[in-house]
Amino acid sequence: MSARTFFTPVLRGPPDFSVRNKVSRAELQQKGLCRLRLRVRVYSREKNCSFRVSVRDVKSESYNISEDSVKFEEALDDVVLRSEDLDLDLESSVPWWEQFPKRWVIVILCFSAFLLCNMDRVNMSIAILPMSAEFNWNPATVGLIQSSFFWGYLLTQIAGGILADTVGGKSVLGFGVVWWSIATALTPIAAKCGLPFLLVVRAFMGIGEGVAMPAMNNILSKWVPVAERSRSLALVYSGMYLGSVTGLAFSPFLIHQFGWPSVFYSFGSLGTVWFAVWLRKAYSSPIEDPQLRPEEKKLISTSCASKEPVKTIPWGLILSKPPVWALIVSHFCHNWGTFILLTWMPTYYNQVLKFNLTESGLFCVLPWLTMAFSANAGGWIADTLVSKGLSVTTVRKIMQSIGFLGPAFFLTQLSHVNSPAMAVLCMACSQGTDAFSQSGLYSNHQDIAPRYSGVLLGLSNTAGVLAGVLGTAATGYILQHGSWDDVFKVSVGLYLVGTVVWNLFSTGEKIID
């Protein structure tokens, strides 16, 4: 970089000058004047810089000159060097956007992937209404279509974790986004071809989204230090919540203006934009990134997973550890209540609170917004506690206990409230405290087995998806033979079971290397 201004060095110590001219002391003294080419390294209080100086008409008697170096006795505080004589290499010349931590670029890209993930997932819940009217689908067929997503989603949880840990999270997550985006865009075509084609495309979409969480977990385990783990995961998972809000907000508008196929075409095309950025900016681990600054690479390497690639998965060792089973059981208990609330909430608003369908849809957005806010708040709280010296184990137990006991408490209050406003508040608070789980069990995979965090999340999330499928079906059976109070009692019971299991068997320490 050539500056066109003056530069006044503020010295921390005497500068070093190296002579580039190969002349002897005798020759210098004989001529009295000479032209020297010097390389100067200045150590300032804030930065180091180096530059070359051409010096003309220097009187030899003013300096102590040797063949190897020239040393000045006086500091250069009052010396002003013209910029045309300088060749500066200053770190401050780097644009601010290039100084932004690369690990947080990765986190933001994962956040945007999860935003797209839930946008593409929830659009069917809106588009299914005009689709069923056009194709004359009965409620049983609608339920079959809605459930077909989970066929593929269940299949790729563990497989996605294995591939992420062995091949690399960048390739697996990139594949997942492209795969489910194509499936989303093909949905209108499949629907017009017939029901079997639509079921296959929806299952294919589940295959793509099934690898997302394990791949993301693998990437962040390599990129994000422990002190930033909770807030990074909270931000990524809040992308899912905001994706649901975005999908629920824009789908009705697109359907009204352009017809129901436009929802799938527009949402699906966004995946190609994300993938182009992902290919240019993302790497599976810091060691693969040639542009990563040395100081950030050092920070990450002292706190993250081993750089050695995974060759085989030690299934026996993994499944023999009680904290692993604490994760699996807790994930099941957590998702039972979460999926019930998110799946049956519009029905509850309509049947119990007597809201119409428009109001039900509006209030369905509220829990997602609450979860997005509280998940990030919980992440900052957890990382702050860790940075202040509290053990990771204690922090994980505190956050997950809030994630279990908070929803359990607010669900028990639903039978005691008399106004719709208080009921909605209880539901929002239930989901808000539920989101503290992002700093509890969802962060724990990277704590206990960073090298196998993808596989571990695949295992526990498989149990979580099963809980969602079973819980959704069981709720319908309970409502047919009982009441909403019975539904909430089952959820509260599982929250309490999860609390006990988590506090007895979980840990924040690495148990598998």
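The values are calculated or read from the model by the stated rules, or taken from the named source; none is laboratory data. Just so it is clear, the model here is predicted, and its values are computed rather than measured. No Cβ is skipped: glycine too gets one built from the backbone with ideal geometry, and neighbour counts run over all protein chains shown. Surface accessibility is based on the protein's heavy atoms, side chains included, excluding ligands, DNA and RNA. Shrake-Rupley method; radii C 1.70, N 1.55, O 1.52, S 1.80 Å.
Does residue 224 fit the bill of being open to solvent by less than 20 Å² (accessible area, probe 1.4 Å) and modelled with pLDDT under 90?
Details: open to solvent by less than 20 Å² (accessible area, probe 1.4 Å): yes; modelled with pLDDT under 90: yes.
Answer is yes for this residue.
Just one of (1) charged (D, E, K, R); (2) under 16 Å from the mean Cα position of the chain (by Cα); (3) at pLDDT 90 or above trips up residue 231, so point out which.
(3)
Mind listing whichever residues of the stretch 461-491 are out of contact with any Phe, Trp or Tyr (no Cβ under 8 Å at 6 or more places or on another chain) and among the polar types (S, T, N, Q)?
Listed by number, the residues that qualify are 461, 462, 480, 483.
Check the stretch 270-293 and report whether any residue there is touching a Pro at 6+ places or on another chain (Cβ under 8 Å), more than 25 Å from residue 159 (Cα to Cα) and either in a helix (DSSP H, G or I) or hydrophobic (A, V, I, L, M, F, W, C) (or both). Give the derivation first.
Of the stretch 270-293, the ones touching a Pro at 6+ places or on another chain (Cβ under 8 Å) are 292.
Checking the rest, the ones that are also more than 25 Å from residue 159 (Cα to Cα) come to 292.
Then drop every residue that is not either in a helix (DSSP H, G or I) or hydrophobic (A, V, I, L, M, F, W, C) (or both), which leaves 292.
Yes, some residue in the stretch 270-293 is touching a Pro at 6+ places or on another chain (Cβ under 8 Å), more than 25 Å from residue 159 (Cα to Cα) and either in a helix (DSSP H, G or I) or hydrophobic (A, V, I, L, M, F, W, C) (or both).
Hey, does the stretch 496-512 have a residue that's open to solvent by 40 Å² or more (accessible area, probe 1.4 Å) and modelled with pLDDT under 85?
Here is the first cut: in the stretch 496-512, the residues open to solvent by 40 Å² or more (accessible area, probe 1.4 Å) are 496-497, 500, 503-505, 509-511.
Imposing the further condition that a residue be modelled with pLDDT under 85 reduces the set to none.
Scanning the stretch 496-512 turns up no residue that is open to solvent by 40 Å² or more (accessible area, probe 1.4 Å) and modelled with pLDDT under 85.
So, of the residues in the stretch 410-422 that are touching a helix residue (DSSP H, G or I) at 6+ places or on another chain (Cβ under 7 Å) and at pLDDT below 85, which turns out to be nearest to residue 371 (Cα to Cα)? Spell out the reasoning first.
Just the residues of the stretch 410-422 that are touching a helix residue (DSSP H, G or I) at 6+ places or on another chain (Cβ under 7 Å), to begin with: 410-415, 417.
Right, trim to at pLDDT below 85 and you get 414-415, 417.
Numbers: 414: 19, 415: 23, 417: 22 Å.
My answer is 414.
Identify, please: which residue in the stretch 297-314 is of a type in the set (S, T, N, Q) and open to solvent by 80 Å² or more (accessible area, probe 1.4 Å) and is, among those, modelled with the highest pLDDT?
Let us first name the residues in the stretch 297-314 that are of a type in the set (S, T, N, Q), namely 301-303, 306, 312.
Okay, now just the ones that are also open to solvent by 80 Å² or more (accessible area, probe 1.4 Å), so 302, 312.
Values: 302: 75, 312: 84.
Among residues in the stretch 297-314 that are of a type in the set (S, T, N, Q) and open to solvent by 80 Å² or more (accessible area, probe 1.4 Å), the one modelled with the highest pLDDT is 312.
Anything in the stretch 150-208 that is outside any helix (DSSP H, G or I), open to solvent by less than 50 Å² (accessible area, probe 1.4 Å) and either without any contact (Cβ under 8 Å) to a residue 40 or more places away in the chain or farther than 23 Å from residue 282 by Cα (or both)? List them, or say none. It would help to see each step written out before you state the result.
Taking the stretch 150-208 first, the residues outside any helix (DSSP H, G or I) are 167-168, 194.
From the residues that got through so far, the ones that are open to solvent by less than 50 Å² (accessible area, probe 1.4 Å) too are 168, 194.
194, the sole residue that qualifies.
So which residues in the stretch 398-409 are of a type outside the set (A, V, I, L, M) and open to solvent by 50 Å² or more (accessible area, probe 1.4 Å), if there are any at all? Spell out how you get there, then give the answer.
Start the filter on the stretch 398-409 by keeping residues that are of a type outside the set (A, V, I, L, M), which leaves 400-401, 403-404, 406-407, 409.
Residue satisfying the conditions is 409 alone.
Take the residues in the stretch 448-465 that are modelled with pLDDT of 90 or more and open to solvent by 10 Å² or more (accessible area, probe 1.4 Å); name whichever of them is farthest from residue 220 (Cα to Cα).
Filtering first and then ranking leaves 463.
Are any residues in the stretch 315-355 modelled with pLDDT of 80 or more, open to solvent by less than 40 Å² (accessible area, probe 1.4 Å) and farther than 20 Å from residue 491 by Cα, and if so, which ones?
318, 323, 324
Of all the residues that make up the stretch 375-391, how many are under 24 Å from residue 242 (Cα atoms), open to solvent by 60 Å² or more (accessible area, probe 1.4 Å) and not aliphatic (A, V, I, L, M)?
At the first step, the residues of the stretch 375-391 found to be under 24 Å from residue 242 (Cα atoms) are 375-383.
Imposing the further condition that a residue be open to solvent by 60 Å² or more (accessible area, probe 1.4 Å) reduces the set to 380-381.
Still in the running and not aliphatic (A, V, I, L, M): 380.
Residues in the stretch 375-391 being under 24 Å from residue 242 (Cα atoms), open to solvent by 60 Å² or more (accessible area, probe 1.4 Å) and not aliphatic (A, V, I, L, M): 1 in total.
Being among the small types (Gly, Ala, Ser), more than 30 Å from residue 165 (Cβ to Cβ), modelled with pLDDT under 85 and part of a helix (DSSP H, G or I) is the filter here; which residues of the stretch 471-495 pass it?
473, 474, 476
Mind counting the residues in the stretch 250-296 that are closer than 30 Å to residue 126 by Cβ, open to solvent by less than 70 Å² (accessible area, probe 1.4 Å) and either free of Cβ contacts under 8 Å to residues at least 24 places away in the same chain or not polar (S, T, N, Q) (or both)?
So in the stretch 250-296, the residues closer than 30 Å to residue 126 by Cβ come out as 250-278.
Next cut, open to solvent by less than 70 Å² (accessible area, probe 1.4 Å) only: 251-252, 254-255, 259-264, 266-269, 271, 274-278.
Going one step further and asking which of them are either free of Cβ contacts under 8 Å to residues at least 24 places away in the same chain or not polar (S, T, N, Q) (or both), we end up with 252, 254-255, 259-264, 266-268, 271, 274-278.
Number of matching residues: 18.
Based on this model, can you work out whether residue 434 counts as touching a helix residue (DSSP H, G or I) at 6+ places or on another chain (Cβ under 8 Å) and farther than 21 Å from residue 461 by Cα? Give the derivation first.
Details: touching a helix residue (DSSP H, G or I) at 6+ places or on another chain (Cβ under 8 Å): yes; farther than 21 Å from residue 461 by Cα: no.
The answer is no for residue 434.
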